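Following: one structure in structure tokens, then a few remarks.
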Amino acid sequence: MPGIFWYRKISNQLWKAMMIGAALICATPAAFAAGDGQPGKPSSIDDPFVILMVIIMLILLLAIGLLAHVVLGAASFYYQREKEREQQKAGASTTVIVTTIALLLFAAPVFAQNADAPATTAVQTATSFGSLSATAFYAIVGVIGIELLVLLALLYQLRTFLAKEKLKQQLASNAATVQKPRVTIWAKLNKFKPVEQEAEMDLGHEYDGIRELDNRLPPWWLYGFYASILFAVIYLWRYHVSHSAPLSGEELQIAMTQAEEQKAEYLKKSANNVDENTVKLLTDAADITDGQKVFTQNCAACHGKAGEGIVGPNLTDDYWLHGGGIKDVFKTIKYGWPEKGMRSWKDDLSPVQIAHVASYIKSIHGSNPPNAKAQQGELYKEDNSNNKTDSAASKAAVVTNK
Amino acid sequence: MQVEQFHYDNKIVKQFAYATALWGIVGMVAGLWVAIQFYAPGAALNFAPTTFGRLRPVHTNAVIFAFVGNCIFTGVYYSLQRLCKARMFSDKLSKIHFWGWQSIIVAAAITLLLGYTTGKEYAELEWPIDIAITLVWVVFGINLFGTIIKRRERHLYVAIWFYIATWVTVALLHIVNSFEIPVSLFKSYSWYAGVQDALVQWWYGHNAVAFFLTTPILGLMYYFLPKAANRPVYSYRLSIIHFWALIFIYIWAGPHHLLYTALPDWAQSLGTVFSIMLLLPSWGGMLNGLFTLRGAWDKVREEPVLKFFVVAVTCYGMATFEGPMMSLKNVNAISHFTDWTIAHVHIGGLGWNGFMAFGMLYWLIPRMWGTSLHSKKLATNHFWLGTIGIVIYAVPLYWAGFTQAQMWKTFTEEGQLKFQFLETVTHIIPMYITRSIGGSLYLIGAFLMVFNLYKTIKKGKFIANEAAEAAPLEKHAAPVKEHWHRWIEKKPMTLLVFSLIVVAIGGAVEMVPTFLVKSNIPTIASVQPYTPLELQGRDIYVREGCYTCHSQMIRPFRDEVARYGEYSKAGEFVYDHPFQWGSKRTGPDLAREGGKYPDSWHYNHMMDPRIMSPGSIMPSYSWLLDNKIDTASTPAKIRAMQKLGVPYPAGYDQVANKDLLTQANGIRLSLKMDKIETPKDAEIVALISYLQRLGKDIKATAKQ
């Protein structure tokens, strides 16, 4: 059947399907533009990550365009074939409907995704990703995700068409033609010459039977090498001439500042800012259990699993080197007594953890574990005057830790 | 012209081939042994020579210099004769070379197990052995060039370019890095200190990989792969460009082992960019190998030799891709000091070097015995065991490395480190177990090979002298129009000199400024030389190979500063002969260990680490409690340090031992307070004094 006539015979139904396909292609750039607008802030567009992402978006878009073109071509071709059969058999327009529904189906989630993306990004403004705001990051990821979805849908569609075609072709069984293009791409990429022609490239060198060919350098190899040299120049330029990338010391400064901000932010919100002046003895079982866990992990090495004392003093008797009140114990753990071998734990344990472990230590008082170490320090009695001793110990700790 | 009759010397090839198989097995067994110690510390047997710190250098030296070294010599002695159409220059030199190299290996194994080490990775051997290596290397060089000069083939094949570059560069690396000042017969101090020592060491260490594990093996690949596949080499011009680019660029990349350390930033950046530029030249070798197989892939299906070569070359490609990626700072921040690096080197070691060696032996032995391989099926089984072994070895370690790095870097919301160091170790122990299973499979494969080759040898008859004939070179060849590069292929000495120049550039540009420009290593006034006791303690630290598991280099990362303290500064290491920055953190960093724990903690911890840190995988060092400090060596050590520019007062060597005993007594008393009785001259006392000194000097400035 001549190829021109079928075109006129396209039914309204297919036109609809094709329009949706076209709308789909248009929708993607729109989504892209929406996403691109946000990272387009002057600060983040310099970010190589953003540039990379934008490039990925563009490449994906291009792929979508090409693939959509192929799918539409396949669809119309397939439709034409169906038409032929329709004329022969009269009826069976179901396939067209199926096609339309399928197109609609994969188009629908795309639009849904489009609507979702801004919604999710709006919620998560608090966190950020490198130099990117969370909104921009999610917008970019969203767009890329949508593009990937569209690609997948298109691929799926194409496969459906091809599978049908293949089924028919299997009767003719010329599968060899399908494999051919893959080989050519690989060969083209490397500028391969057919093995049969290699005699022309023989250089005439011969070493113990080994001959040498004069194949050209694979182009991707050569240009890759040039690109790596370019990378080197840009890298050195950025770090040592334009100073637009941070050297190791500066990187640390940036990380520390960020960490401080995050920590301050967190502490503001949480009830975590206990210190040696405000700490109270905790008796809640959960707190004590947590304290015991911390103790086993960190303190048992020197003070024994049951606090009986090994290198460090016995923590279960009545004698204390640096005061036995909850505030004293908290202080000792927090700042340590480095000259006596007790290290500071304030960088390892959170204030709440220190309170827990201090309360746990108080809770094992008088437990008389086996192999207890002999008493060290002064007799300490829990009474009303403990506020006094506490503050005295606090002062001493402050002095030594300056 | 009259054709000359001559014989190839196969006997020397046979000897080296036997040595390859033997040392391969020995090196791999040592490797498996240390791998088991990661999850079963008892496997150290509580015996000094079999602890990880001493056994690990035995493993690395055995596989690099004994296994791969002998593999290189096997291949070179076989291929060189045939590529030059000449017998080796001198059978006597061949013999000296062979026995010299084997005695070096034996001496190395014994001294390393006894704790004689310079403390510099892959260059641990002490000065008398260093000298022996130099001499044997010269013998090899004379034999190599002697053969080349009396060749009957006008042009040098690409394999020989690689042999020449290998010879000259290894000589350069070995001599420069081994500059050391002897204290006694088996003790010396590195000529360089701190940052400079680190730079030289990793210039050497990286290029030992380049010029011992890569270029000679590429040379072997260029001979054995086309021979086994019976295919022409894919591209001559690719050979040219990748050869020159590879040897020029490789030498620069050493500082990528020192990213984020106290090495000046500019040197680190050079290391990074040259590593990136190294990727494609490395791949040039892979491509030339794989594309040579075009039209022969059907043979790969049947021929185990080619199977080994294909996986070897592919592993080479993977490792040389991964290497440059790990040289990027953001990747290195994760991979360095973790098992990722170990996985990476074993892709190269097991895959590239091991499989090239196996393939070569499977090809060579039947030929030299005039027979066919005993069992192709067995060889194929070896191939699959080995391949699966590599996967089971590497994948868990990648996982372990990545996991541990993430755990190190995790903070709680309160801003505290989430994991204690020990937790990050115990977490990855399952991966260590799996790794050793992969290694075992690989080792079983190697045993299969030995059996297969033994059967083959039994079946055949050895051809000690293989007859060959060729016309001698004409004195004056008529000029012909040819490729420009053919010119240098006719001139081995010119090729030698050019290679030397090309490889010398990178090292010189990085080292000269680091040595001469003061601003590269800013001095810190409060950093003082070690006391005699600390110096003795440091030597014990080096002797026990503590650096194989503990780094002394706090990188400028938030987590490391939080975990270990202020990041390390270049000026802190000016008296460190040798530097002890380490390359792997199986245990925590020790750069600021001083003052972190009481003396008694260290005492108990050395006696049995699990008393103080339940779950620790560190071996016990109970002999340190009994051994006596070698005080007789103190004066010589002080004098050696003085020669290296460490500012001890004149004549201090005579009174040093008095200071030593005073300080030791202090530690004895502090231990006594914690109810530990120890003689003040026990080695543990010296080691404690050293550990308690680490990283403290800089704090003195802070107080002032």
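The values are calculated or read from the model by the stated rules, or taken from the named source; none is laboratory data. Note that this is a predicted model, so its numbers are computed, not measured. Glycine gets a Cβ as well: all are built from the backbone with ideal geometry, and neighbour counts include every protein chain shown.
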Q: Please state which one of B:312, B:296 is more than 8 Å from every other protein chain (Cβ to nearest Cβ) and at pLDDT 95 or above.
A: B:312
Q: Might you check whether a residue that is of a type in the set (Gly, Ala, Ser) and in contact with a Ser or Thr (Cβ under 7 Å, 6 or more places away or on another chain) occurs anywhere in region B:21-28?
A: no
(Q) Tally up the residues in region B:210-237 that are away from chain A (no Cβ under 14 Å), buried (at least 23 other Cβ atoms within 10 Å of the Cβ) and either among the small types (Gly, Ala, Ser) or not in a loop (DSSP other than H, G, I, E, B) (or both), please. (A) 6
Q. Can you name every residue in region A:243-263 that is facing chain B (nearest Cβ under 9 Å), in contact with a Phe, Trp or Tyr (Cβ under 9 Å, 6 or more places away or on another chain) and surrounded by 14 or more Cβ atoms within 10 Å (Cβ to Cβ)?
A. A:247, A:248, A:251, A:252, A:255, A:259, A:262, A:263
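Being closer than 21 Å to residue B:389 by Cβ, surrounded by fewer than 20 Cβ atoms within 10 Å (Cβ to Cβ) and at pLDDT 95 or above narrows it down to one of B:63, B:68, B:34, B:29, so name that one.
On the way: B:63 fails: surrounded by fewer than 20 Cβ atoms within 10 Å (Cβ to Cβ); B:68 fails: surrounded by fewer than 20 Cβ atoms within 10 Å (Cβ to Cβ); B:34 fails: surrounded by fewer than 20 Cβ atoms within 10 Å (Cβ to Cβ).
Only one candidate qualifies: B:29.
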Q.
For region B:637-665: of the residues being of a type in the set (A, V, I, L, M) and under 37 Å from the mean Cα position of the chain (by Cα), which is surrounded by the fewest Cβ atoms within 10 Å (Cβ to Cβ)?
A. B:644
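Being within 35 Å of the chain's Cα centre (by Cα) and within 14 Å of chain B (Cβ to nearest Cβ) is the requirement here; does residue A:296 meet it? Steps first, please.
Working: within 35 Å of the chain's Cα centre (by Cα): yes; within 14 Å of chain B (Cβ to nearest Cβ): yes.
Answer is yes for this residue.
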Q. Quick check, is residue A:266 facing another protein chain (nearest Cβ under 9 Å) and of a type outside the set (S, T, N, Q)?
A. yes
Q) Of all residues in region A:331-345, which are more than 9 Å from every other protein chain (Cβ to nearest Cβ) and assigned to a loop (DSSP other than H, G, I, E, B)? A) A:336, A:344, A:345
Q) Where in region B:33-150 are there helices (runs of 4 or more DSSP H), lying fully within it, with 1 or more residues that are free of Cβ contacts under 8 Å to residues at least 24 places away in the same chain and not β-branched (Val, Ile, Thr)? A) B:91-113
Q | Candidates B:608, B:576, filtered to the one that is of a type in the set (Asp, Glu), more than 28 Å from residue B:415 (Cβ to Cβ) and without any contact (Cβ under 8 Å) to a residue 40 or more places away in the chain | A | B:608
Q. Name the pairs whose Cβ atoms lie under 6 Å apart, with the first residue in region B:262-284 and facing chain A (nearest Cβ under 7 Å), the second of a type in the set (S, T, N, Q) and not in a helix (DSSP H, G or I), and 6 or more positions between them or separate chains?
A. B:272/B:327
Q) What number of residues in region B:152-177 are in contact with a strand residue (DSSP E or B) (Cβ under 9 Å, 6 or more places away or on another chain) and hydroxyl-bearing (Ser, Thr, Tyr)? A) 1
**Q.** Any hit, region A:236-245, residues being of a type in the set (Phe, Trp, Tyr) and in the same structural domain as residue A:343 (by TED's automatic domain parsing)
**A.** no
Q | Residue list for region B:423-440, filter: buried (at least 19 other Cβ atoms within 10 Å of the Cβ) and within 14 Å of chain A (Cβ to nearest Cβ) | A | B:424, B:425
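Taking the condition closer than 28 Å to residue B:692 by Cβ and either among the aliphatic types (A, V, I, L, M) or modelled with pLDDT of 90 or more (or both), does residue A:354 pass? Even if it seems obvious, please write down each step before you answer.
Working: closer than 28 Å to residue B:692 by Cβ: yes; either among the aliphatic types (A, V, I, L, M) or modelled with pLDDT of 90 or more (or both): yes.
Answer is yes for this residue.
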(Q) Given the criteria among the aliphatic types (A, V, I, L, M), surrounded by 22 or more Cβ atoms within 10 Å (Cβ to Cβ), touching a helix residue (DSSP H, G or I) at 6+ places or on another chain (Cβ under 6 Å) and within 9 Å of chain A (Cβ to nearest Cβ), does residue B:251 qualify? (A) no
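Can you name every residue in region B:174-196 that is of a type in the set (D, E, K, R) and under 25 Å from residue B:569 (Cα atoms)?
Our first condition is that a residue be of a type in the set (D, E, K, R); within region B:174-196, this holds for B:180, B:187.
Within region B:174-196, B:180 is the sole residue that qualifies.
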Q | Residues that are assigned to a loop (DSSP other than H, G, I, E, B) and aliphatic (A, V, I, L, M), drawn from region B:158-207 | A | B:185, B:193
Q) Filter region A:357-396 for residues that are over 51 Å from the mean Cα position of the chain (by Cα) and at pLDDT below 75; which is nearest to the other protein chains (Cβ to nearest Cβ)? A) A:389
Q | From A:189, A:154, residue being within 30 Å of residue B:286 (Cβ to Cβ), surrounded by 10 or more Cβ atoms within 10 Å (Cβ to Cβ) and at pLDDT 80 or above | A | A:189
Q: Six or more apart or on different chains, Cβ under 9 Å: which pairs go from a residue in region A:295-314 that's of a type in the set (S, T, N, Q) to one that's in a helix (DSSP H, G or I)? Could you list them?
A: A:297/B:422; A:297/B:423; A:298/A:357; A:314/A:303
Q.
What pairs come out if I take residues in region B:477-489 that are in a loop (DSSP other than H, G, I, E, B) and pair them with residues that are surrounded by 10 or more Cβ atoms within 10 Å (Cβ to Cβ) and β-branched (Val, Ile, Thr) whose C-beta lies under 6 Å away, six or more apart or interchain?
A. B:485/B:240
Q | Members of region B:395-408 found to be within 22 Å of the chain's Cα centre (by Cα) and surrounded by fewer than 22 Cβ atoms within 10 Å (Cβ to Cβ), listed by number | A | B:395, B:398
Q. Just one of the numbered conditions (1) more than 11 Å from every other protein chain (Cβ to nearest Cβ); (2) of a type in the set (A, V, I, L, M, F, W, C); (3) touching a His at 6+ places or on another chain (Cβ under 6 Å) is not true of residue B:240; which one?
A. (1)
Q) Quick one: what pairs do we get from region A:231-242, first residue more than 8 Å from every other protein chain (Cβ to nearest Cβ), second at pLDDT below 95, C-beta under 8 Å, 6+ apart or different chains? A) A:238/A:244; A:238/A:245
